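Everything below concerns the one structure shown next.
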Amino acid sequence: MWEGQFVTAKKRGRWEYVGRARGIRAAAIIALDNDPDGTRHVILVSQYRVPLSRFSLEIPAGLVGDDAGGEDEEAITAAARELEEETGYHAAHMEVLGEFFSSPGMVSESFTLFKATSLTRIGEGGGVSDENIVVHRVALRDLARFVAEWRRAGHAVDVRIAMLMTPGFLGEE
């Protein structure tokens with residue numbers, strides 16, 4: 001029906017949906033960091049999202065193979081790049097958690113989910129060019145409160161953050 005640089009509107013029978021142009025995929029990262037005392041933190045990002053007309057709290061994520069000449073980029077390479085660009089953290093370990101679909105009723109896009117650990121802060125983060133990403137390092141034990149405050153402020157919350165608040169998801173008690 002319509003194709004832009006990154007998104008394609010499609011129709012199959014009576015069903016209308018959107019997908020990524022040129023076979024572009026996505027990578028999303030659950031980045032976990034520990035304090036010396038053992039307190040576990042998750043690295044989150046926030047940025048203004050035009051489709052929502054408000055700020056959104058999210059796990060770091062980005063497109064795989066979206067740069068010209070990089071169409072064969074591996075998801076793990078893109079995940080490591082996006083983590084560093086958006087958060088300023090480098091992960092010594094990246095574990096693939098699987099391929100997932102965020103809204104299969106209207107979007108055909110999938111994303112590969114990674115768990116990043118053994119983090120080292122190597123920069124400020126913030127994304128590239130005009131992304132204006134803000135980095136949040138939140139103790140897992142405080143995450144529910146942090147998300148509730150974020151919502152009360154009128155901001156959006158990425159559904160993938162709900163996984164982090166699910167007891168046992170990360171092997172935590």
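All of the numbers you see were taken from the coordinates with simple rules; none came from a lab. A quick note: this is a predicted structure, and the numbers were derived from the prediction, not measured. All Cβ positions, glycine included, derive from the backbone under ideal geometry; neighbour counts span all protein chains shown.
Distance in nm between label sites at F169 and T117, each 7 Å beyond Cα in the beta-carbon direction?
1.7 nm
Nearest 500 deg cm²/dmol is fine: what mean residue ellipticity at 222 nm does the chain get from its DSSP H runs of n ≥ 4 alone, each adding -39,500 (n - 2.57), divided by its residue count?
-4500 deg cm²/dmol
Could you work out how far apart the two model spin labels at E149 and S53 are, taking each label as a point 7 Å from the Cα in the direction of the beta carbon, and quote it in nm?
Label-label distance for E149 and S53, simple model: 2.8 nm.
Indicate the gyration tensor shape class of the range 20-173 (rounded, prolate or oblate), computed on the Cα atoms with a ≥ b ≥ c the square roots of the eigenvalues: a/c under 1.5 is rounded; otherwise a/b larger than b/c is prolate and the rest oblate.
Verdict is rounded for the range 20-173.
Out of residues 5 or more away from G125 or on other chains, whose amide H comes under 5 Å of its own, with H placed 1.01 Å from N in the peptide plane?
G88
Roughly what would the spin-label model give for R137 and K10, points 7 Å off Cα along C-beta, in nm?
It works out to 4.1 nm between the two label points.
Taking the chain as the reference, fit the longest principal axis to its C-alpha atoms, fit the long axis of helix 143-152 to the helix C-alpha atoms, and give the angle between the two in degrees, 0 to 90, nearest 10.
60 degrees
Where does each of T120, T112 land when they are ranked from fewest to most other beta-carbon atoms within 10 angstrom?
With the fewest neighbours first, T120, T112 line up as T120, T112.
For the range 2-164, give the magnitude of the charge dipole about the Cα centre (Cβ charges: +1 Lys/Arg, -1 Asp/Glu; no others), in debye to the nearest 20.
The dipole of the range 2-164 has a size of about 880 debye.
So if the hydrodynamic radius of the range 19-106 is defined as the Kirkwood radius over C-alpha pairs, what does Stokes-Einstein give as its diffusion coefficient at 20 °C and 1.002 mPa s, in µm² per second?
Answer, rounded: 147 µm²/s.
Under 8 Å for C-alpha pairs, at least 6 residues apart: give me the relative contact order for the chain, rounded to a whole percent.
After rounding, I find 24 percent.
Between E84 and D37, what FRET efficiency follows from the Cβ-Cβ distance if R0 is 25 Å, with the result rounded to 0.05?
0.45
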